[in-house]
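What follows is a set of notes on a single structure, which appears directly below.
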Amino acid sequence: MSLLAIGMKKSSMEHSSLQVMNPADCPQWDNLLLETERHSFFHASNWAKVLAESYHYKPAYFAEPDERRFRVLVPMMEVGSILTAKRGVSLPFSDYCEMILSEGGDFQYVFDRIAAHGKNAHWKYMEFRCERNFPFEAVSAFYFGHTLDLQKSESAIFSNLHGSTRRNIKKGIREGLKIDVCSSPKAVREFYRLNAMTRKTHGLPPQPWYFFQKICEHIMKNDQGIVVLASYRNQPVGGAMFFHIGKRAIYKYGASDRQCQHLRANNLIMWETIRWYRERGFQVLNFGRTDPGNRGLRRFKTGWGTDEYIIKYFKYNLASERFVAIRPLVGPLHQKIFRSLPVPFLRLIGNIFYRHAG
C-alpha cells in the first residue's frame, strides 16, 4: 500500500517533494517516526492530537516520507489568534522540536517552502524550537536542555549524582514517602490539582483541565506517558508527568505541595522514574527546557549528572523577512498579580490564556 493510500495528502506547493500533512490522517505515522533519526516524542502523532484538539490549532506538518522513515520532518501548528497574531509554531507547548533533515538535505529549500506556505496562509511569524543545530545565527531566545544516559548501570547513575541530590533522595526515603507510577485518569486528576498549586506559586495560570483530559485520552491510554506521584501519610504531595516514545523519555511537568517541600518529594520522584525507565530498556531521559534565569531548576537538573546543551528558538517575521526577538507574554507584574489570585480564578484565566499563548 502506498503512503498516499493510507492518508497522506500532497502539498499544493509546486515542484516540491514536501507534503503538508496532519499526523491524525496517517495510521503509520509513528512507525515511520521510530525509524527516523533524531526523532522525539514531540514529533509523534498523539502529541499532535493533544495540541489540535485542546486548543483548535491546525496541524501543518511538512514532511517527505519514504516507505520506512521520514527524510524530512518539520512539525508545525497554525495558531490562529487575534491577540498574538496568526503564526506557524514548531511546536506549541513543546520544549524543543528538531527540524529533521536526512543527510544531504537542503535546509534552505525546506525553509523557503515553509515560508511560502506561511505567506499564503497569512501567517505573521514562523517559530522554530531547535534542540541542536539551525544554520542561522539570529537566535530569538535560548534555553538549557539536559539529558541523562539510561544505558549505564543503576549504581553508576547514582554515583554520578551530586551529593545534595543523593542526600535528598535518601531523605525522601527516610520520611516514608510512597512513590506510585500510574497512567490512570485519577492520577492525572491528582497531578492537575498539584499543578494548579505550583503554577500559582510561580505566578502563572494553570493549563486548562481539558488539556490534561486530552493527554489522558491520547497519551496515557496509548502507553506513551506516566504520572509519578509521591504520597506522605496517604496524601499526594508531589508529582511529575513524563512522556515517551521508542526508547526516549522526557520529563514534561512537575508539581508539588509547597508546604511539604522539606520532604524532598521531587528528588525521590525523579530517582524512581529513572529506575523505572532504565529497567524497561529506555536509553535516554530528557529533562526538558530550562529558562536561563531559573537557576534553581537548572541546578536541580544538573544535579542528576546530566549532559547540558543549548536549545535555540527562532522567530521569523514573514513580512520583514528577518528574525526577531521572542518576548515573554507574562512579565514580573503579571506574575505578582497571578500569585495574589485564588486558584479557581487562575483556572478561568488559563482556559483563555493558553489558547493564544501557543
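Here are a few things to note about the model shown:
- Identity of the residue in the range 277-299, small (Gly, Ala, Ser) and in contact with a Lys or Arg (Cβ under 9 Å, 6 or more places away or on another chain), that ends up farthest from Lys252 (Cα to Cα): Gly281
- All of Trp29, Trp47 fail the test of being without any contact (Cβ under 8 Å) to a residue 24 or more places away in the chain and either in the same structural domain as Phe243 (by TED's automatic domain parsing) or not acidic (Asp, Glu) (or both), apart from Trp29.
- Checking every residue in the range 307-316 against the condition of being over 30 Å from Gln224 (Cβ atoms) and touching a helix residue (DSSP H, G or I) at 6+ places or on another chain (Cβ under 8 Å) gives at least one match.
- Qualifying positions in the range 168-212 - touching a Ser or Thr at 6+ places or on another chain (Cβ under 8 Å) and over 18 Å from Gly238 (Cβ atoms): Pro208, Tyr210, Phe211
- Pairs linking a residue in the range 193-221 that is without any contact (Cβ under 8 Å) to a residue 40 or more places away in the chain to a residue that is assigned to a loop (DSSP other than H, G, I, E, B), with Cβ atoms under 8 Å and 6 or more positions apart or on different chains, are Met220/Ser183; Met220/Ser184; Lys221/Ser183.
- Every pair of residues 6+ apart whose Cβ atoms lie under 6 Å, when the first sits in the range 53-64 and is over 21 Å from Val110 (Cβ atoms) while the second is at pLDDT below 95: Tyr55/Arg355
- Single condition Gly88 does not satisfy, out of (1) crowded, with 20+ Cβ neighbours inside 10 Å; (2) over 25 Å from Phe242 (Cβ atoms); (3) within 20 Å of the chain's Cα centre (by Cα); (4) touching a residue at least 60 places away in the same chain (Cβ under 8 Å): (4)
- Residue match in the range 251-262 (condition: touching a residue at least 12 places away in the same chain (Cβ under 8 Å), of a type in the set (Lys, Arg) and either part of a loop (DSSP other than H, G, I, E, B) or outside the structural domain of Arg199 (by TED's automatic domain parsing) (or both)): no
- Members of the range 103-136 that are without any contact (Cβ under 8 Å) to a residue 60 or more places away in the chain and farther than 21 Å from Ala319 by Cβ: Glu103, Gly104, Gly105, Asp106, Phe107, Tyr109, Asn133, Pro135
- Phe128 fulfils the conditions (1) assigned to a strand (DSSP E or B); (2) more than 18 Å from Glu321 (Cα to Cα); (3) of a type in the set (Phe, Trp, Tyr) except for a single criterion, (2).
- Answer residue from the range 129-149, given it is surrounded by 19 or more Cβ atoms within 10 Å (Cβ to Cβ) and of a type in the set (D, E, K, R) and is modelled with the highest pLDDT among those: Arg129
- Counted residues, the range 17-28 - those being assigned to a helix (DSSP H, G or I) and surrounded by fewer than 18 Cβ atoms within 10 Å (Cβ to Cβ): 2
- Long-range neighbours under 7 Å by Cβ, at least six apart or interchain, first residue surrounded by 16 or more Cβ atoms within 10 Å (Cβ to Cβ) within the range 150-170, second among the hydroxyl-bearing types (Ser, Thr, Tyr): Leu150/Tyr277
Let's see how each residue does on (1) under 27 Å from Phe345 (Cβ atoms); (2) touching a His at 6+ places or on another chain (Cβ under 7 Å); (3) of a type outside the set (A, V, I, L, M, F, W, C):
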site: Thr201; (1), (2), (3): yes, no, yes
site: Pro205; (1), (2), (3): yes, no, yes
site: Ile219; (1), (2), (3): no, no, no
site: Asn222; (1), (2), (3): no, no, yes
site: Tyr253; (1), (2), (3): yes, no, yes
site: Pro292; (1), (2), (3): no, no, yes
site: Gly303; (1), (2), (3): no, yes, yes
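- Segments classed as helices (runs of 4 or more DSSP H), wholly inside the range 269-358, with at least 1 members that are surrounded by fewer than 19 Cβ atoms within 10 Å (Cβ to Cβ), touching a residue at least 24 places away in the same chain (Cβ under 8 Å) and not assigned by TED's automatic domain parsing to the domain that holds Glu175: 332-340, 343-357
- Filter result for Phe282 (in contact with a strand residue (DSSP E or B) (Cβ under 9 Å, 6 or more places away or on another chain) and either closer than 20 Å to Glu154 by Cβ or among the polar types (S, T, N, Q) (or both)): yes
The values are calculated or read from the model by the stated rules, or taken from the named source; none is laboratory data. Since the structure is predicted, the reported quantities are computational estimates derived from the model, not experimental observations. Quick reminder, even Gly has a Cβ in these numbers, built from the backbone with ideal geometry, and neighbours come from all protein chains shown.
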